[in-house]
Amino acid sequence: MRPYRLFGERLGSVLFRVPGEVARDDTRLASLLDAWPPDVPLTVELQHASWLDDEVLARVTAAGAAWCTTDLDELADPPRIFRTGPFLYVRLRRTTGYSEADLAAWADRLAPFLGDGVDAFVFFRHDATGESAIAAERLGALTAERTGDG
C-alpha cells in the first residue's frame, strides 16, 4: 500500500478489477475486503453476472468500498448504478462511443447522486482520436446543467 499512500489526498481510488470470466467467490471477496486498509479508497469491479447479488453488494457496502459500474458493448441496457461507498465509480467502455443522447441519459442517471453531494469518478475508454476526452467534457457539462453547477 505504500505507493498508493504517496498520493495522499490526490488518490481517488484503487480499482480492483475481476474480469468477466471469473464467477462469484465469496471467500476471496471477503479476504480482499477484510485485508484492505480503510485509509486507502477501494473500488471493486466484479463483471461476472454472478457477483450482482444483494449479499455481495451488502458486503462491499459494509467494507466502505465503491462498486464499479461498467458499461460495455455486450450489454443491452446501461448497467444499474449502485452506491456502496462514499463515491461513485463508473467506466464507460463502449467501443461504439457515446452519442449526445447517450451522454444525456448518463447525466440524468448521475445527477441525483451529484446533487446529493456524492462525488463520481467517470472514465471513458481510451481512444486514438480524442473522442473520449470530448465526451467526458460534454458529460461534465450535462451533469453540471442538471445539478445547477453549470
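Here, each number is a calculation from the coordinates, and none is a lab measurement. Bear in mind the structure is a predicted one, so any value in this text is a computation, not a measurement. Every residue, glycine among them, receives a Cβ derived from its backbone with ideal geometry; neighbour counts consider all protein chains shown.
Annotations for the structure displayed:
- No other residue among L42, L11, L15 is touching a residue at least 60 places away in the same chain (Cβ under 8 Å), under 17 Å from F121 (Cβ atoms) and among the aliphatic types (A, V, I, L, M) apart from L15.
- Of all residues in segment 119-144 being part of a loop (DSSP other than H, G, I, E, B) and surrounded by 13 or more Cβ atoms within 10 Å (Cβ to Cβ), the one that is farthest from the chain's Cα centre (by Cα): D127
- Beta carbons closer than 8 Å, at least 6 apart along the sequence or on distinct chains, never pair a first residue in segment 127-143 that is more than 16 Å from T95 (Cβ to Cβ) with a second that is loosely packed, with under 15 Cβ neighbours inside 10 Å and of a type in the set (K, R).
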